[in-house]
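Laboratory data are not the source of any read-out in this text; all were calculated from the coordinates shown. A quick note: this is a predicted structure, and the numbers were derived from the prediction, not measured. We place every Cβ from the backbone using ideal geometry, glycine too, and count neighbours over all the protein chains shown.
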Amino acid sequence: MAETLATIEKRKSTKGFKPDQIPAAAVDTILKAGEAAPIGMGAFDTIHFTVVQDAELLKKISEAVTRGTPRAGTDIYYGAPTVIIVSVAKQVLPGLDLVDAGGVIQNFLLAATDIGIGSVHIFGTPYAFAAEPALLQLAGIPEGFKVVSSAALGYATETAAATPKPPRNIAVNRV
Ligand SMILES: Cc1cc2nc3c(=O)[nH]c(=O)nc-3n(C[C@H](O)[C@H](O)[C@H](O)COP(=O)(O)O)c2cc1C
C-alpha cells in the first residue's frame, strides 16, 4: 500500500519527451492498468483504447487541434512517441463517459509512473477528431465511438523530469 501511495505522489505531468519509443511490454502494462479501472455501470464494452505510435498521425492530430489558433504548429503531445486515445461508444448517463475516461487515464498515468515512463493527460485530442472527422478512420476508431481524451507517454527529457510537480492547496470542508 505504501508503494501505491508513493507512486501517486510521484506522478506528475511530463511536458517534454525524448523521441525514443517505449517498449511494447510497457504499453501492455499501461493498457492493463487502464482496463482495471472502474467503469460506470460496468459497461466495459462502451470503452475503447487506441494506441497511436505513428508519428505522422500524431502530427496530424496535433495540427488539427492547434490550426488557426495562436498555438498553431506546437505539438500538443510535447514530442511523446506514444499516445493512448480513449473513446466511448455511447453515454449511458450524461457525463459518465468523461468520468470513466478520467479514471482509466489516471490508471494509465500511475502505471507509467510506476515503470519509469513519463506521462501526461491530454484533453486536446477530441477537438482534433471533431474538427477533422477523417482522422477517425486514420486512427481506426471503431464505428459509433467518439474520442473522449488521451494520455501521452514516453521518456521525459531532462528538463521535464526536473520540473517539479505544482504545489496543491485544495480546499476541503468537512461536515
Ligand atoms: C482532465 C485533464 C486534462 C488535461 N489536459 C491537459 C492538456 O491538454 N495539456 C496539458 O499540457 N496538460 C493537461 N493536463 C495536465 C494538467 O495540466 C496537470 O495535471 C496539472 O497542471 C497538474 O500538474 P501535475 O499533473 O504535474 O500534478 C490535464 C490534466 C487533466 C486531469
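Some notes on this structure:
For (1) among the aromatic types (F, W, Y); (2) within 27 Å of D75 (Cβ to Cβ); (3) more than 16 Å from the ligand (Cβ to nearest atom), each residue gets a yes or a no:
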| site | (1), (2), (3) |
| --- | --- |
| S13 | no, yes, no |
| A24 | no, yes, yes |
| D28 | no, yes, yes |
| G34 | no, yes, no |
| G42 | no, no, yes |
| H48 | no, yes, yes |
| V51 | no, yes, yes |
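- Within the option set A89, A64, A72, being out of contact with any strand residue (DSSP E or B) (no Cβ under 7 Å at 6 or more places or on another chain) and touching a residue at least 60 places away in the same chain (Cβ under 8 Å) holds for one residue only, A64.
- Within segment 98-114, the presence of a residue that is out of contact with any His (no Cβ under 7 Å at 6 or more places or on another chain) and away from the ligand (no atom under 16 Å from the Cβ) is excluded.
Residue-wise test of (1) in contact with a Ser or Thr (Cβ under 8 Å, 6 or more places away or on another chain); (2) buried (at least 19 other Cβ atoms within 10 Å of the Cβ).
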residue: T14; (1), (2): yes, yes
residue: D45; (1), (2): no, no
residue: V52; (1), (2): yes, yes
residue: T69; (1), (2): no, no
residue: G73; (1), (2): yes, no
residue: G95; (1), (2): no, no
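- Checked across segment 122-141, the condition of being under 22 Å from K90 (Cβ atoms), of a type outside the set (D, E), assigned to a strand (DSSP E or B) and in contact with a helix residue (DSSP H, G or I) (Cβ under 6 Å, 6 or more places away or on another chain) holds for no residue.
- Residues in segment 64-99 that are in a loop (DSSP other than H, G, I, E, B) and within 13 Å of the chain's Cα centre (by Cα): I76, Y77, Y78, A80, P81.
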